[in-house]
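Bear in mind these aren't lab numbers, they're just calculated from the coordinates by the rules spelled out. Remember, it's a predicted structure, so these values are computed and weren't measured experimentally. With ideal geometry, Cβ positions are generated from the backbone for all residues, glycine too; neighbour counts draw on all protein chains shown.
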Amino acid sequence: MRKGLFLTIMFLLCVSLFAQVGENGAKPESAAPASPDVEALQTAALLAKYGYDTGSASALIGAAEILVYIDTQPLATAGTQSGQTADSGAKSGNPEYTPANLLADARRMAGRDATMLAWASEVEAEMNARAASAAGTRGSGSPKYQVDRVSAYSTIRYQLRFYANQWAEIMVSGDGDTDLDLYIYDTNGNLIAYDEGYTDDCYVRFIPRWTDYFTIVIKNLGRVYNQFQIWTN
């Protein structure tokens with residue numbers, strides 16, 4: 001399958017798999033698209049999960065290629081956990097979705113497939129070139145990113161500032177071992193938006209009516225910890 005067609009198919013799949021919640025806590029509204037960066041991140045996360053689940057080198061390389069072109073900056077916000085519970089099951093989750101991790105695992109899966117190995121080398125060269133050039137400089141408009149862990153049957157909370165009358169987006173992608181749910185509350189404790197899908201891929205989007213700090217809550221419904229990645233705009 002050609003690279004472009006493969007990525008197009010996976011992009012279309014991601015639109016249906018990532019739940020979306022409408023403005024100010026409205027019911028899910030599939031017509032409201034994510035921003036271009038978040039759409040790309042959604043595609044990359046689902047490609048990575050598909051690749052690890054099926055042993056597909058092409059999926060991992062495709063995910064790495066997308067991530068290479070998205071500059072991020074640290075979220076730099078510590079989460080606060082509650083209800084921490086010891087794991088009661090086997091752990092088999094996926095690693096952090098960095099281009100380097102994805103390419104290394106893709107090469108292992110590809111074996112002697114010259115086409116896949118060549119593609120991986122092209123993506124790695126671009127990754128190294130961007131890291132060494134001003135084109136890869138992180139800007140204030142870049143998505144904020146962090147890797148964190150929520151214990152079994154536990155909750156982790158963040159306080160993040162969003163601005164009035166501007167779309168606020170939060171995306172979470174877990175390691176595949178448990179179901180994660182995502183909730184957003186304002187300073188008065190009102191539920192603004194949520195994603196209670198049946199996977200550990202979550203996405204919400206809302207427009208704050210005022211500039212303030214909002215509480216992001218991620219619940220782990222499974223019996224083992226989940227190492228997740230969180231992005232915000």
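Some notes on this structure:
- Calculated translational diffusion coefficient of segment 60-218 (25 °C, 0.890 mPa s; Stokes-Einstein with Kirkwood radius over alpha-carbon pairs) equals 137 µm²/s.
- Candidates 50, 80, 36 compared by Cα position along the dipole of segment 36-93: farthest toward the positive end lies 80, with charges placed on Cβ.
- For segment 186-233, the set of chymotrypsin sites (Phe, Trp or Tyr not before Pro) satisfying both a DSSP loop assignment and a count of at most 16 other C-beta atoms within 10 Å is given as 198, 210.
- The order of the peptides 172-181, 108-117 by mean Cβ neighbours within 10 Å, most packed first, is 172-181, 108-117.
- Neighbour-count order for 43, 215, fewest beta carbons within 10 angstrom listed first: 215, 43
- Ranking of 144, 91, 219 by neighbouring Cβ atoms within 10 Å, starting from the fewest: 91, 144, 219.
- Residue order, fewest to most surrounding Cβ atoms within 10 angstrom, among 154, 142, 88, 58: 88, 142, 154, 58
- Simple Cβ-charge dipole of segment 159-233, Lys/Arg +1 and Asp/Glu -1, about Cα centre, in debye nearest 20: 300
- For segment 66-160, alpha-carbon Rg and Dmax in angstrom: 17.6, 49
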